[in-house]
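Notes follow the structure.
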Amino acid sequence: MAINVITVRRPERDTSYLRATLKGMALTFKHMVSPNKVALEYPDEKPPLSPRWRGTHRMEVHADGRPKCVACGLCPTICPANCIRLVPGEDDQGNRYPIVYEIDEFRCIFCGMCQEVCPVEAIHVGQDYENSEYTRERFVYDLDRLMAQDHPVTALWDPSDPLSE
Amino acid sequence: MTHQIGALSPTAFLVFSIIKVLVVFTVWLVIVAGLTLAERRIAGFIQDRLGPNRVGPQGTLQPIADGIKNFVKEETVPAEASKAYFLLAPMLSMAPALVTFAVLPLAAPLPTRWGLVPMIVADIPIGILFVMAFASLGVYGLFMAGWASNNKYSFLGGVRASAQMVSYEVALGLSIVPVFMLVGNVTLTKVVWAQQTGFGWWLAFPLGLSFFLFVISAFAESNRLPFDMPEAESELVAGYHAEYSSMKFAMFMLGEYAHVTTSSALMATLFWGGWDIPIWRGDNMVMTAAGVVTGAAPAWWKTLLTLGMFFAKTIFFAFVFIWVRWTVPRFRYDQIMDLGWKVMLPTALGYVSIIAVTILALDSFGVTFGSFLFGGVLTVVSVLATAVFLWILDNDRLLRGGSAMRQDRLESRRHHGAGAAAPTGAAVGQGD
């Protein structure tokens, strides 16, 4: 006999298909009438998300409505999927701000590195996943759209609490 | 006791017939559509899910959504397909299944101002033979689909469909022979009448084994699990309808569910009294001639009640179809053939002889047909026959698993090894 072949000894007598069928039907009937269903009625009920679950991006805004982003260029640099497009600008006071800030949610792999690298806590990944669209172009989120997101943002990993307990 | 209600005039007959055809056809299609939903929801419940419950209240509009979806989907015909047969196959699998409802008695006759309306679309004298003939036409649709698709999986599905349906057709036909022997008629209205008064028992009791064989054959005939070899999605993609899309595919589905509905209605009619309400005698009536009723007086509310009874029975058996489908896995192909030819056919034949002998014996001992003793003796005989059959099925390993076959193989090899070259025998001995 070949190596590692395990012969499973199955009963060869009293293996009635009929009896097994009736037993099975009793079991399925029990499950049918049981009120404990595991289905999650999705659009009405939503699964609980972990605090570090990463989804659609969100840009934090100042109280006066300006984006917190200072156009430092760290996030497009760190982005492994190369999905962030940033054109920095500078106003009269020498404050840098993004002229163009776009994230292609299709290219994004939701690693969350943009959020980790951001020095002013402006860009975040968030707790949102319902971002289906009818066209591909709509998946490129511009600055206004990123600022308009209002879902909770993802918690960063805390080294003193590595398992988020 | 007979009641003269008055026959329908030819015009009234025509009008009522058209109304009946339209209403019954529509209701039947609605039931078939409802079954597709019921199947999915019950499948969901059995698997601890909820099933489709989002279109309309509790998902009741899901069949309509499915229908619309199927109509707007793209129709594809494989380039190498044989076009005429490819188009004909879905029609051939659906139409015969839908035609059979025409001969099923749905309820007690309805008295109206224009005369007595029989609640059956066509009370043709050959009743059940018509059903059998049309039900067996369904196999042409499946086989034609398999052949015309020019796809090896479809073809295999078609071959399996034809082999399986031909095999079980035999058992199906033989399993209802005892019914005819007892009733003495193949008209379904007369079968119901015999169960109400003439014989007096619902035939499932005196012909229990027949019912059991009929159920198994009906499962095989409608290609439902555990007999869904023609589809066998894990082996044959989707079997005979692998190349079909949109409404043509839906027609195969409708055909399958129409078969389920018809089979359930036949189980109810042949073995469980049709539209008869148990114990209550007020519904025991039959239309013996145009406008003449024998038995209890007909009334519109009796028609409604019996109609409800008939649908309750039919839907119960349809539920059993679904229940079994989501319980048992598929047979292996050789097991299906074994069961059909080595178990069902001899059992059905033997049972026909047993019932024939019993009826003959009861007759020659002078027991009156329709008396309690007559039915009682037949019931006892049937219970014994069923017990013996189940005992054999249980102990003689008629339906065996793969490991039992392996044992056989080893034994036969050892047997051969004794006569042949010694090394072979020794090797097998070690291997075991």
Name the residues whose placed amide hydrogens come within less than 5 Å of the amide hydrogen of A:Tyr97, ignoring near sequence neighbours (fewer than 5 apart) on the same chain.
A:Gly89, A:Glu90, A:Asp91
Ranked by GNM mean-square fluctuation in chain B (Cα springs under 10 Å), the top entry among B:Gln196, B:Gln58, B:Gln164 is B:Gln58
Between B:Phe372 and A:Ser132, the FRET efficiency computed from the C-beta separation at R0 = 60 Å comes out, to the nearest 0.05, as 0.30
If the viscosity is 1.567 mPa s and the temperature 4 °C, what Stokes-Einstein diffusion coefficient in µm²/s follows for chain B when Rh is the Kirkwood radius over Cα pairs?
54
Count of lysine pairs in chain B with Cα atoms under 25 Å apart, counting only pairs 8 or more residues apart in sequence or on different chains?
14
Aspartates and glutamates near A:Lys23 by alpha-carbon distance under 19 Å, same-chain residues fewer than 8 away left out - which ones?
A:Glu12, A:Asp14, B:Asp48, B:Asp394
Relative contact order %, the range B:2-345, counting alpha carbon pairs below 8 Å whose residues are six or more apart
25
Okay, helix-only estimate at 222 nm for chain A: each DSSP H run of n ≥ 4 adds -39500 (n - 2.57), divide by all residues, round to 500 deg cm²/dmol; what do you get?
-5500 deg cm²/dmol
Picking from A:Lys23, A:Lys37, A:Lys68, which is most flexible by a Gaussian network model of chain A using Cα springs under 10 Å?
A:Lys23
Cα-based Rg then Dmax for the range B:58-129, in Å, read 19.5, 59
Which loop GluC sites (Glu not before Pro) in the range B:31-117, with loop taken from DSSP, have no more than 10 other Cβ atoms within 10 angstrom of their Cβ?
B:Glu74, B:Glu80
Hey, how many Å between the Cα centroid of the range A:95-142 and the Cα centroid of the range B:87-102?
56
Using only alpha-carbon positions, what ratio does the radius of gyration of the range B:326-392 give when scaled by 2.2 N^0.38 Å?
1.49
Residue range of chain B that is longest and free of chymotrypsin sites (Phe, Trp or Tyr not before Pro) which are both DSSP loop and sparsely packed (at most 14 other C-beta within 10 Å)
B:1-279
Descending principal axes extents, the range B:78-185, alpha-carbon based, whole Å:
58, 35, 16
Per residue of B:325-333, other chain Cβ atoms within 10 Å number on average 3
Cα gyration tensor shape for the range B:1-154, rounded if a/c is under 1.5, else prolate or oblate:
oblate
Using the alpha-carbon centroid of each, what span in Å lies between the range B:166-234 and the range B:1-80?
24
The range B:249-338, relative contact order in percent, only Cα pairs under 8 angstrom and at least six apart counted
32
Under 12 Å between alpha carbons, and skipping anything fewer than 8 positions from A:Lys68 in its own chain: which aspartates and glutamates qualify?
A:Glu60, A:Glu121
Which ³J(HN,Hα) values in Hz, rounded to whole numbers, follow from the phi angles of the range B:306-322 under the Karplus curve 6.51 cos²θ - 1.76 cosθ + 1.60, where θ = phi - 60° and Gly and Pro get x?
5, 4, x, 4, 4, 5, 4, 5, 4, 5, 4, 5, 4, 5, 4, 3, 5
Which GluC sites (Glu not before Pro) does the range A:48-134 hold that lie in a coil by DSSP with at most 12 other beta carbons within 10 Å?
A:Glu121, A:Glu130, A:Glu133
How large are Rg and Dmax for the protein assembly as shown when calculated on the C-alpha trace, in angstrom?
33.5, 119
Can you work out the base-10 log of I(q)/I(0) for the range A:40-160 at q = 0.09, 0.11, 0.19, 0.21 1/Å, using the Debye formula on its C-alpha atoms alone?
-0.26, -0.38, -1.06, -1.26
Can you list the residues, at least 5 places off or on another chain, whose amide H is less than 5 Å from the amide H of A:His57, using H built in the peptide plane?
A:Gly126
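Could you work out the Kirkwood radius for the range B:123-175, taking every pair of different alpha carbons, averaging 1/r and inverting it, reported in Å?
Hydrodynamic radius (Kirkwood, Cα only) of the range B:123-175 equals 12.0 Å.
Read the figures in this text as sums done on the coordinates, not as results from a lab. Computed from a prediction, not measured in an experiment: that's the story for all the values here. Reconstructed Cβ throughout: ideal geometry from the backbone, glycine too, with neighbour counts over all protein chains shown.
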